[in-house]
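Let me begin by presenting the structure, written as structure tokens, before commenting on it.
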Amino acid sequence: MVTQTKNDKVIFTTHEVSHLLHVNPRSVINWIEQSLLSSYRTPGGHRRIRREDLLAFLRKHQIPTPESLVDEKFSVLIVDDEKEIVDILQAFLERQGGYEISTASDGITALMEVGRVKPDLLILDIMIPGFDGIEVCRRIKGNAKNKTTIIAVSGNNEAENKILQAGADAFMEKPIDLDKLQTEAKRLLRIL
């Protein structure tokens, strides 16, 4: 879940979204009617869009995120049973800034943390105790309401096809190239 800092606006009108994205208001309404952009209606019938739904829509459709929406930290959940790897990834991402990190060391804890934290990004090792990473990915991506982006990692590149079929957004082989991880995270979160 995105933690807000400077800009506390969490609900937008269709006109505000159209202004932010430099599109016609009718385009925003069409996205809503086509179920591409989640929204709700007020008792008066007006459409409203939650910030987290707007950010998820932008990431999914690879639309650059307006600078006014990127003034918050993105939530990242790192799931790996090797504490050294978790510590390295956590320290690296914290140095980059813009990320709020949480961790888990097994599949069951990972699923509970996804429900509790609602991370924007999940860095998921495939070989973990409990549910393996493929099953964790399948369960997360099987929930249409979940907007978490997943980067799967493994020392076994033969698992790449299985994890991508389970719904992972990207795959990286161990040992992890930290600069490549940062680039991939920014691409998937649509941070310019």
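The values are calculated or read from the model by the stated rules, or taken from the named source; none is laboratory data. It should be emphasised that the depicted structure is a prediction, and the values quoted were computed from it without experimental measurement. Neighbour counts are summed over all protein chains in view; Cβ atoms, including those assigned to glycine, are modelled from backbone coordinates with ideal geometry. These area figures cover heavy atoms from the full protein model, side chains too; ligands, DNA and RNA do not enter into them. Shrake-Rupley method; radii C 1.70, N 1.55, O 1.52, S 1.80 Å.
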For Gly107, only one of the following conditions fails: (1) open to solvent by less than 10 Å² (accessible area, probe 1.4 Å); (2) more than 15 Å from the chain's Cα centre (by Cα); (3) closer than 18 Å to Glu173 by Cα. What is its number?
(3)
Can you tell me which residue in region 90-104 is most open to solvent (accessible area, probe 1.4 Å), limited to those that are modelled with pLDDT of 95 or more and either among the hydroxyl-bearing types (Ser, Thr, Tyr) or touching a Phe, Trp or Tyr at 6+ places or on another chain (Cβ under 6 Å) (or both)?
Thr103
Among residues of region 24-51, those that are over 22 Å from Ser68 (Cβ atoms) and open to solvent by less than 50 Å² (accessible area, probe 1.4 Å), counted:
2
What's the number of the condition Ala56 fails, among (1) at pLDDT 90 or above; (2) within 30 Å of His22 (Cβ to Cβ)?
(1)
With open to solvent by less than 30 Å² (accessible area, probe 1.4 Å), farther than 30 Å from Leu37 by Cβ, touching a strand residue (DSSP E or B) at 6+ places or on another chain (Cβ under 7 Å) and touching a residue at least 40 places away in the same chain (Cβ under 8 Å) as the only criterion, which of Asp125, Asp120 stands out?
Asp125
I need every pair where a residue in region 86-112 that is touching a residue at least 60 places away in the same chain (Cβ under 8 Å) has its Cβ under 7 Å from the Cβ of a residue that is part of a helix (DSSP H, G or I) and surrounded by fewer than 18 Cβ atoms within 10 Å (Cβ to Cβ), sequence separation at least 6 or different chains.
Phe92/Leu178; Gln96/Gln182
